[in-house]
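Inspection log for the structure reproduced underneath, given as structure tokens.
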Amino acid sequence: DLLLPKQKYLVPFYTFAGGVAYDPARFPEGKRPKNFADYFNTEAFPGRRTLRNRAMEMLEIALLGDGVKPADLYPLDVERAFKILQKIKPHVAKWVEATPQTVTLLQTGEADYSYTYANRIQASNRDQSTNLAFSFEQTLNGVEYLAVLKNAPNKENAFKFLEFAMKPENQASCMEAKGGAPISRKSYQLLSKDSLKWLPDLTSKNNAYINDAWWSGNLETLERRFKEWLLT
């Protein structure tokens with residue numbers, strides 16, 4: 001029933017979609033970026049952008065924006081990614097630390113476009129009566145996993161929770177509340193039409209997935225380099 005395969009010690013629970021958000025009232029069709037190539041094309045789509053202040057996701061979308069195919073993304077061409085980020089650096093209004101800022105900067109007009117997450121835009125429109133939009137033409141998807149730690153004192157109950165969490169009806173109710181794409185195929189039949197509108201196509205070859213295994217061996221070094229680069 002799983003859209004993504006389980007791993008030896010991990011079971012995928014849901015995915016989140018990172019991509020391009022904008023205010024459609026300010027930027028009509030054709031006047032706004034809709035994929036990462038557009039987002040990094042400051043000549044065709046001038047304006048102030050947001051990017052995150054971390055290496056993970058930023059290196060990926062820089063390479064995708066430079067024409068790297070999702071299937072060829074890893075191992076990341078780090079030097080190429082930093083060159084691309086250097087070019088767009090003057091057009092970045094804010095290197096965002098806290099995720100809510102990726103939305104509030106759009107709301108206040110301090111940014112014209114923002115790299116953010118579909119569920120954040122969905123929640124903003126629902127809770128604050130805004131009318132922001134998110135492009136699903138291309139997304140960078142991350143996977144949230146569930147696991148039981150070694151020597152867990154409540155191991156038996158932890159596995160009972162995993163069984164509970166992976167049931168289609170529970171995945172659907174959780175994603176209705178927080179946004180995100182469930183892993184259970186059957187759960188999609190239980191989601192509302194509004195929730196389905198905010199989900200990426202997990203089968204699209206235009207979309208990419210964050211490779212957690214690659215980052216597990218590279219995060220510390222690249223995160224330090226990225227933070228130092230931001231100061232230059």
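Figures for the structure shown
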read-out: Which of 77, 127 is most accessible, then next, and so on - probe 1.4 Å; value: 127, 77
read-out: Among 108, 99, 50: highest mean-square fluctuation, GNM of the chain, C-alpha pairs under 10 Å; value: 108
read-out: J(HN,Hα) series, segment 156-170, from Karplus relation 6.51 cos²θ - 1.76 cosθ + 1.60, nearest Hz, glycine and proline x; value: 4, 5, 4, 5, 5, 5, 4, 4, 5, 5, 8, 5, x, 5, 7
read-out: Relative packing of peptides 3-12, 207-216 - highest average C-beta neighbours within 10 Å first; value: 207-216, 3-12
read-out: Two-decimal ratio, segment 129-232, of alpha-carbon radius of gyration to 2.2 N^0.38 Å; value: 1.39
read-out: 14 Å Cα-Cα reach of residue 197 towards aspartates and glutamates, excluding residues that sit fewer than 8 places from it in its own chain; value: 137, 176
read-out: Whichever lysines have a C-alpha closer than 27 Å to that of residue 227, once near sequence neighbours (fewer than 8 apart) are set aside; value: 69, 83, 87, 89, 94
read-out: For segment 4-44 versus segment 188-220, the gap between their alpha-carbon centres in whole angstrom; value: 10
read-out: Residues in segment 205-232 that a label on residue 79 would reach, taking backbone N under 20 Å of a point 7 Å out along Cα→Cβ; value: 218-219, 221-230
read-out: Value of D in µm² per second that Stokes-Einstein yields for segment 178-230, Kirkwood Rh from Cα pairs, at 25 °C (0.890 mPa s); value: 173
read-out: Filter on 160/186; 6/205; 6/34 - keep pairs with C-alpha separation over 26 Å; value: 6/34
read-out: Residue-normalised accessible area of the chain, expressed per residue, 1.4 Å probe, Å²; value: 53
read-out: Volume in Å³ per residue [convex hull over Cα atoms, computed for segment 114-159]; value: 139
read-out: Most fluctuating residue given options 47, 217, 109, as computed from a GNM of the chain linking Cα atoms under 10 Å; value: 217
read-out: Candidate aspartates and glutamates for bridging to residue 8, where Cα separation is under 17 Å - those fewer than 8 sequence places away on the same chain excluded; value: 144, 163, 212
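The values are calculated or read from the model by the stated rules, or taken from the named source; none is laboratory data. Computed from a predicted structure; not experimentally measured. Don't worry about glycine lacking a Cβ; one is built from the backbone with ideal geometry, like all the others, and counts go over all protein chains shown. To get the accessible areas, we keep the full protein, side chains included, count just its heavy atoms, and leave off ligands, DNA and RNA. Shrake-Rupley method; radii C 1.70, N 1.55, O 1.52, S 1.80 Å.
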